[in-house]
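Let me begin by presenting the structure, written as structure tokens, before commenting on it.
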Amino acid sequence: MTDQVVDSVGGPADGRQVPSPAQPAPVGWRAPRPARVLLGWMPPEQGEFLLANHAAARPAEALRTRVREARDAVAARPAGLDQTDAVSVLPAELADHAAQVGMTAAGASMRAEGWDIAMVDLDQIVAFQPSVFTDTTADRVAGLDPGDLRSIAGLTLPINDTAPVAVQYDALNRAYTITSPNPNLRVIGNFDDRPADGLPGLGFRVAVAASFIQVARFQGRLVLRDGYHRSYGLLSRGITRVPVYVRDFDTTENLAPAGMLPQGSWLGDRPPLLRDYHDGRVADSILLAAQHRMIVIHAIETLVMN
């Protein structure tokens, strides 16, 4: 998921080794980036692991103490969550923007899947993603006017969402490598081009799929499905009520990808909210290795038996 699925945290919980700042990163990883992690809701050993990768010089006991304090802060919260007023009707001034989004291919697909556009108070929405990167969020919301809903809608529900894509060709191995920092880079189709000389041109079409902020309603609870980094940036600017896509889910299938917080934490009595990434009592700053999306198209010649 944009902005979301790429953001899964590695470590003991999902079996992947997160490179430390002092170690070279494996292929597919980028240099560690500043991030915020929800210590209070993740397994203690995973929280200690992530903190250790951020500051290896800290004693193990100090790491255990920090994680325990975060978990204790969660346990001290009142039980229950009231999201009664979290979703409201889209104001008339955004009707035109919503219509334009609906006419895009991505918007039409969202509508076919049962998504509707509404206003949501991000301050009341549950988070299941363990971490968010913080180094680029300020830039993404820097030009927003908190009082301009159209400007905000351009970020949460973009009509023309573009992202950088790099293409390299390896002549020796006859392979194209396409990369993007956006996790929504996808193969979206293929082509069979027959030019005038009769020699076919065969290949694939790639694109970065449009990304919308999405809020899912599951078991009566509103959780953020996609758009974590934009939501973090918006809340850092004090912008809470924004237009997003909203939809009901009956199961967790296609809702929360692998690597998220334990289901019992975000469906429990004291779930993490989006605003908790900013709360130093339950969250902490770390360095986290990031992955980028890569597509490799390789021409292979082989002999086969008739």
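Charges at C-beta only: +1 for Lys and Arg, -1 for Asp and Glu. How large is the resulting dipole of the chain about its Cα centre, in Debye rounded to 20? Walk me through the numbers on the way to the answer.
Numbers: 28 positive and 34 negative charges, 112 e Å.
Value, rounded to 20: 540 debye.
Just to confirm a number: summing +1 for Lys and Arg and -1 for Asp and Glu over residues other than Leu235 whose beta-carbon lies under 12 angstrom from that of Leu235, what do you get?
Details: positive: Arg36, Arg230, Arg237, Arg241, Arg275; negative: Asp121, Asp123, Asp276, Asp279.
Neighbour charge sum, excluding Leu235 itself: +1.
Apply the Kirkwood formula to the range 28-167: the hydrodynamic radius equals the inverse of the mean of 1/r over all pairs of different alpha-carbon atoms; give it in Å with one decimal.
Numbers: mean 1/r = 0.0528 Å⁻¹.
By the Kirkwood definition, the hydrodynamic radius is 19.0 Å.
Looking at [x] 21.2; [y] 26.3; [z] 23.4, which value of Kirkwood radius over Cα pairs in Å comes from a calculation on the structure shown?
[x]
Counting GluC sites (Glu not before Pro) as exposed when in a DSSP loop with at most 11 other beta carbons within 10 Å, what is the longest stretch of the chain free of them? Intermediate results must be reported in sequence, preceding the final value.
Details: sites that count: Glu113, Glu253, Glu301.
No qualifying site falls inside 114-252, the longest such stretch.
Tell me the carbon and sulfur percent of the accessible area for the chain, rounded to whole percent, probe radius 1.4 Å.
Values: 8040 of 15470 Å².
Summing carbon and sulfur atoms, their accessible area is 52 percent of the total for the chain.
Suppose only helical runs count, i.e. DSSP H with n ≥ 4. What mean residue ellipticity at 222 nm does that imply for the chain under -39500 (n - 2.57) per run, divided by all residues and rounded to the nearest 500 deg cm²/dmol?
Numbers: 8 runs with 70 residues, N = 306.
Per the formula, -6500 deg cm²/dmol.
Where only protein heavy atoms count, and the probe is 1.4 Å, what is the accessible area per residue for the chain in Å²? Before the final figure, lay out the partial values.
Details: 15470 Å² over 306 residues.
On a per-residue basis, 51 Å².
Calculate the dipole size of the range 153-207 relative to its Cα centre from +1 charges on Lys and Arg beta carbons and -1 charges on Asp and Glu beta carbons; express the result in debye to the nearest 20. If you can, show how the numbers build up before the last one.
Numbers: 4 positive and 5 negative charges, 22 e Å.
Its charge dipole is roughly 100 debye.
Please give the net charge around Arg71, taking every other residue with its beta carbon less than 15 angstrom from that of Arg71, where Lys and Arg add +1 and Asp and Glu add -1. Walk me through the numbers on the way to the answer.
Working: positive: Arg64, Arg66, Arg68, Arg77, Arg270, Arg281; negative: Glu45, Glu48, Glu69, Asp72, Asp269, Asp276, Asp279, Asp284.
That works out to -2.
The values are calculated or read from the model by the stated rules, or taken from the named source; none is laboratory data. Given the structure is predicted, the values throughout are model-derived calculations rather than measurements. All Cβ positions, glycine included, derive from the backbone under ideal geometry; neighbour counts span all protein chains shown. Ligands, DNA and RNA are stripped out before the accessible areas are found, and what is left, the full protein with its side chains, is counted by its heavy atoms. Shrake-Rupley method; radii C 1.70, N 1.55, O 1.52, S 1.80 Å.
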